[in-house]
Every structure is written in structure tokens, then in C-alpha cells.
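The values are calculated or read from the model by the stated rules, or taken from the named source; none is laboratory data. Note that this is a predicted model, so its numbers are computed, not measured. Note that each Cβ is placed from the backbone with ideal geometry, even for glycine, and that neighbours are counted across all protein chains shown. Quick note on the areas: whole protein, heavy atoms, side chains included, nothing else; ligands and nucleic acids left out. Shrake-Rupley method; radii C 1.70, N 1.55, O 1.52, S 1.80 Å.
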Amino acid sequence: MRSFAVWSFAVAALANAEPAPLVEARRALDESIPQVAVSKLRVFLTAPDISAANRRAATLALAEALLDAGQHADALTALRPLSTAGDADARLIQATTLASAGRWEEALALFCELGADPHAPAAAKLGEAESLQALGLTAEAIAVLAPCVAANPANITARLRLANLYVEARRLSKARSALAAIAPQSPADQKWKQYIEARRLLAAGQSAPANAIFEELARAPEGLPESLLAAAALGMSEARIVLKGYEEADTPLETFIARNSESPYLELVFRRLDEIYANQRNPTESELLKWARKPQLRRAALARYYVARLQQRLKKFDKAANTLATFLVSFPESPLLPAVHLMLADLAMQRRDFPAAVRSLEAAQRRATGDEQRAEIELRMGLAQYQQGEHLLAAQSFRNASQRAPKLREHATFDAGLAALGQRNYERFLEDYRELTAHFSDSPLRSELLLEEGLTQARTTDPRATETLELFLLRFPAHERVPEARLALAELSFFAGEGAVASRYLHAVNAASPAVGDHAAYLAIFLEDAKQPRNDEAVIALGQRFLRENPGSILVSDVRMKLGQIYFRRDDFANAETQFATLAYDAPQSPYVETALFLAGESAVRQINPGAVDRALLLFDDVAKLDGALKLYARQQQAIVQSRLGRDSEAIALYDVILATQPAAEPELRFAALCGKGDNLVALGRTDAARIDAAIAVFDQLAALAGVTPVWRNQALYKKAKALEQLGRVPEALVTFYDVLDRSGGPESEYFWFYKSGFDAARIFEGQSQWKSAIGIYEKMAKPDGPRSAEARARVKQLRLEKFIWE
């Protein structure tokens, strides 16, 4: 590939005296067979008796041949001895090679250095302008090229480039005048003029004639430089967007990429193709994947990188991560590595894996090539650290970014101030605020920082919050976030128990502001709910109004939760279920989802209507599927419902799920599951006595558990005794009832099952006319000062009188 820059070698005068191998190599180069030229020149350079002049000429020619062959790294290696020694021609070819490889920032630095010499060839200034344009700095490119054109109007190439820059800058009248004054001297210049005219027509809204010219250029690519071919492809794509939409705008760019696998403009064309994919309804990965699998490394790397970008946009996050991991293995030296690591960091941030994001950013930092890129990485590093709560580290990262890149200083200083607030380091925050004021006195971020200080103080109940927020209102009365400050003051007053003051602030809030209108309406609900006596009807009315007027608010879930709680409290279980279930299914990302589903199930259980029980089972099943903190409690509720429906086997299966869970369920839940399982086994024992034996074993297991509370132990023993009684094993039942009475007492006395056991045992003894034993049981119950002790003492007295038992 011949470069856009035409350099002049200092070897032209020696042409007649050049050795034959060098002449033959030049001929091969002129015949566009650079590989032959490379081979001849490398052999020639191994000769021991080459003169310094011939060695220099051969080295420059070798670099040119390698450049034409697309071997950029080898060309740069070949040039290194001459360019390091300051050879101007070598450095010009080096800059051109960097540009050809798409390394525009490095190329620009060299072109600028060369162009500073008043005797520099025009190619240096052309290269500088083209590098600036490739980096999106069109105005700067015009500033470089316009003086060159004025000083050398015969340079048609420079004049055409300048006209093109005028079009890019949308200075169309100037572009028209410049084009009209150009008389092309070669077919290539004529093609460039056609292209620039097409760009001018496109910018002027004449897309159809512009597209016709672009298509004509693309149909006859022979002899056209790749810069013009890339420009025509980009122009055709832009015209198609206007004429046919984004769905057909990708073809010209895909065609260019397919035919020009080593073009210096690949990065630019891929970037634009990615933007077009982003605007398509159903973009496909097929073309990108096809290039990613082909041997041309530079194109393959770009294709795989943009496959990952497309997958990320389509929310195929796992696929994007896998694509990027493959990239790291396949292209370990690619200049895209910092961008790849940044994308991996973004994916990690998205799944809130901040340590992984930091690791990716550190890898990007090791590969960064310039201060601006390093500053961008440090800025992202600060954001990741901030999200982890590492505010001190975040503040340092933000300050590093601020010092490294002036264009990021304003936002980096602002972020540093936020990080200082995260530390509650108000002294350092003040330093950041002053620095922002010193460098950017008109920055709107100053007012934002002051407001954030007040909001931070409000969130942490800092007594200075009210003063800071009122200072914000005083200094920035016209700020768009004034309603937010007033709302914060209303909330502070509300939590301070100053309802009347909160109401006054709330009335001052501009409810029409989309930023705080829903927050104001939300706070009004809680102000109403806090009134004494509470008016549930008024709270419900405000809640329903909020849902009607703010259907897209992030606070909808909170309001539905509040309404559900109020309805539940009023035993209006149908409406409670509606609010809880709607919250869960309409806002699946809400932190309330699990609780809401559980409460919806509880509400359904309490309703007496067909289908409510089935809904409850489904709701509890949805809770269990979330695999959260309420999973096993949902299974417990399902078991209870199944028991009520007489489905004891299904209930037992659910209890077994709870009991088999690892790590083990919380003790109270395990106790309840064992007890429930025993109850269901007893129920099944009505038709299968073996089930009662199984129930007795379960009750024994519960009573013997380490750490079991007196309530659960006594309940288990009581139910075991009843099961034994059901089997006719009355003596064993009496022993078990007695065990309840004998093991009770002490500071953790339990009375419900204690008295049930005692009165049931006494009933059996009385039925057997075992009066002394019955009296003994009653006396045992009468000893502790419990709620039924007097009843037990009265029964002792009655039996003694009736049965004449005094000893």
C-alpha cells in the first residue's frame, strides 16, 4: 500500500550509481511487488562492504517495501537505527507507518515534531492534518493545513485535503469555493475532488446525488488510495442512512472491511460500523465473527472486539465476557488491550463484581499508552472503588486523573469531592470544592457539590445538614435541584418529628419537577401515615393517587409495599394480595420482591374464596424459587396449606425439604418443621398405624435436640403422649405427660403445654379412678405460680373432699 504522504528520499541523486540489487528492488517496488523488494533488500543489506549512503538508501527502501506489504511492525524495526539517529526521512516513514497501522496518536506526535522544521516536506504537514482528522480534531487539522495551502497553492493534494476538512467542519460555502478553484492534475486528484463534492452534497442534504458519486467511486477502486476508498465507503454509508435507514447502511462498510484487511482506516470504519449496528433493530454478529476467525490478525482483533461490544449492547453479558476472554488469549499484544480490559471492567461493574472490575482496570493501566488513556482508566478505577465503599482510594484515583488529563479535571475534581463526602471528610471536601472553584469558577458542578454535601449530611443525620441545604438555597435559588433540597429539608423535619414544618417545606417543593415530584408525593404519604390519630383512608387515597400519576417512578415499589401493609393491617387481604403481588411481578429487580411475594401468599391464605389457596401455593413457590432468605419459610407455609387441605403426604415432603437443607435451617424453623411433620404423620395414622410410630420417633427427635426451647420440647412430648394414647399405649402416654411436668420449671418456664399435659394426664387417671395419682398431678401443676395454678389447686381440694383422700 502506498501512503497518502509522499516523502522525498535523499537518495534520488544517487540513482545512477546505485548497486544493481538496490535498483532491482526499487523496480519490484514500483511494480507493486513489495515482497520481492523486501527479499532483495534484506540480502543486499547482509553484504559487508556496503557504503553508508547505500545502506541508508536500502534501509529506507526496505521500510517502504515492508510498509507496502502491510508489515508495519517489521517496517518500524527496520527504521529504528536511522530514526533513533534523527534521520528526517526515516522519521517521516516511521510516522507514516504508524498512521498506516492506525496508531494515530503516535503518528501525530512524530508528524508534529517533523512539521516544526520550516524545511520539512509537505508530507509532514499533510500527515499531521490527516492524523488530527482521524482523531476527530477537524478544527485543529484545518489550522495546520490552511497555512500550508496558502504558502504552496500548487500542492493540489493539500488543497483537496483542506476542502475536505471544510466539509467535515460543515463550512460548506468555504468548501464550495475551495473546490471550484481546484483544477486536478491527475486522475487520483480528480477522484478526490469528486469524493469531496459528494461529501459537500451530503452535508447540504442532497443525499441521492451524493450517494451516486460514492457508488461510482466504489465501483472503480483501481488505483485509488485506501484513504479515498475508506472515505467513499463511509460516505456511502451515511447517504444510505438518510435514503434507506440504518438497516442498509452497514453493507458499504462491511464490503470495505472484507476487501481491505490491513487498511490504516480499519479502526475508523469498524467504529462507524459499530455505531450503525447500535441503531439497527436486529443487528447480526455473523460478519464480525467471520472476520474474527480469519488469519488477518489486525482485522480479526478488531472484529472480535466489536463482537463483544455488540453482545454487550444486546445484554448478552456472559457471551461478551467469553468473547473478551478469547481476545486476551488470541491477541496478547493488540493495541486494543486497554479497551478490552475496560470493557471487562464495565461488565464486572454491571454485575457489581467490583474487585473484578478493579483487576481489569489495573490490567488496562499496565497497557495504557498515553496520559489521557491512563486518566480515563483512573477515573473508572475511582468509580469502582467508590462503589466498593473504598472512598479514600477512590478520592486518590480521581485526583490522579485530574492531574494527568486537563480535560478530565473538572469532573474528576467533582468526583474527588464526592469521595471525600463518602469518607465524611468535610475538610478534604472543602479543599476539592475550592479547587473546583479556582479552576472552573463558572462550573455548574460547584452547586452540585454543595447540594451533595447537604444531602450526605442529611442521610447521616449530621446536624449541619439543615444549614448546608439552606445555604444552597440561598446561593443558588434558581438551580434546577432546588426542589430536591427543599424535599430533603422536609424529610429532615419529618424524621425530627416536626410534621408541620415538614408540610411547609413540602408545599414549597415544585411538584412539577420530574426530579422530585414523585419524591414529594411519596413523602406526603408517609406524613399522612404518621399523623395521630392515623387516617388509613387518607393514606390509601394518597397512595393510589401516587400510583396513577407516577407509574414509572422508582418509588412505586415502596408505595405498593406501604399500601399492602395498610390493607393487611385492616384485614383487607384481597387488596393486600393485589398490592404485594403487583409489586413483585411488575418490579422483579426490587429489593422487596421476596418479601412482597411472601406477604401476597400470606394474604391469599387468609381469604375465603375459591382459588385463593391455590394462588397462595403458587406465590410461596415463587418465593422458594428466588432461593433467598424466605425460601424455607415459604416451603413451611406451603406445608401448612397442604395440611389444611388434608394433603398430609405433600406436607411431609415439604417439611423434609426444610429438614434436609444444608446449611441447616434456623433452629426455630427446624423445630417447627419437625413438629409439623409429626402432626401430619399422626393424621396419616388414622388409616395406617405405622405412621403413628413414625410420628412418635419424630417427636422424640425434636424433644431431644440440642438447644431446643421449652416450648418446642414440651409441645413435642405432649404430642408424643397423645400419639401413644391414640395407639392405646396409655401407660407410656402417662409417663410422657409426666415428663413434661417433671422437666418444666426454672427461669424459662413454659405453661401452655405444661398445663395441657398435666390436665390430660389427670383426666386419664380420673378415668381410671386413680384418684391419688390424679391429685398428685394436680398438685404438681399447682406448685409453680402459673396462670392455671389456682385451677389445679381447686381441683385438688375438690377431689380430696369428694373422695375422702387426705394423706
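A few remarks follow.
- One chain, two ends: Thr709 and Asp693. Fully extended at 0.36 nm per residue, the span grows by 3.4 nm beyond their Cα-Cα distance.
- Relative contact order (%) - the chain, alpha-carbon pairs under 8 angstrom, separation at least six: 3 percent
- Among the GluC sites (Glu not before Pro) in the stretch 166-271, those placed in a DSSP loop whose Cβ has at most 10 other Cβ atoms within 10 Å are Glu222.
- Once both labels are positioned 7 Å from their Cα atoms along Cα-to-Cβ, the gap between Ser441 and Leu626 label points is 5.4 nm.
- Farthest towards the positive end of the charge dipole of the chain, among the residues Leu132, Val340, Ala600, is the Cα of Ala600, using unit charges on the Cβ of Lys, Arg, Asp and Glu.
- Per-residue ellipticity at 222 nm from helix content only, as computed over the chain with -39500 (n - 2.57) for each DSSP H run of at least four residues, stands at -23500 deg cm²/dmol.
- Taking a point 7 Å out from the Cα of Ala212 in the direction of its Cβ, none of the residues of the stretch 219-261 has a backbone N less than 13 Å from it.
- Remark: the Cα gyration tensor places the stretch 94-172 in the oblate category, a/c being 1.5 or greater and a/b not exceeding b/c.
- The chain, accessible area per residue, ligands and nucleic acids excluded (1.4 Å, Å²): 48 Å²
- The largest accessible area among Arg271, Arg800 belongs to the first residue in Arg271, Arg800, and the rest follow in falling order (1.4 Å probe, all chains).
- The stretch 380-471, relative contact order [Cα under 8 Å, separation at least 6], %: 18 percent
- Accessible surface of the chain [probe 1.4 Å, protein heavy atoms]: carbon and sulfur percent: 53 percent
- C-alpha long axis of helix 631-644 to longest principal axis of the chain, angle in °: 40 degrees
- Modelled this way, with points 7 Å down the Cα-to-C-beta line, the labels at Ala790 and Arg176 are 10.9 nm from one another.
- Overall form of the stretch 728-799 per C-alpha gyration tensor (a/c, 1.5; a/b vs b/c): oblate
- Charge dipole (debye, nearest 20) of the chain; +1 at Cβ of Lys and Arg, -1 at Cβ of Asp and Glu: 840 debye
- For semi-axes √(5λ) of the Cα gyration tensor in Å, calculated from these coordinates, the label among (1) 63, 33, 25; (2) 83, 34, 25; (3) 41, 32, 29: (2)
- Lysines whose Cα lies under 23 Å from that of Lys783, excluding same-chain neighbours fewer than 8 positions away: Lys756, Lys772, Lys797, Lys803
- Accessible-area order (highest first, 1.4 angstrom probe) of the listed residues Arg434, Arg27: Arg434, Arg27
- Glu362 accessible area, 1.4 Å probe, all protein chains in place, Å² to nearest 10: 80 Å²
- Estimated from the Cβ-Cβ distance and a Förster radius of 22 angstrom, the FRET efficiency linking Lys783 and Ile805 is about 0.75.
- Length added when fully stretched, Ala52-Glu732, from 0.36 nm per residue minus Cα-Cα: 233.3 nm
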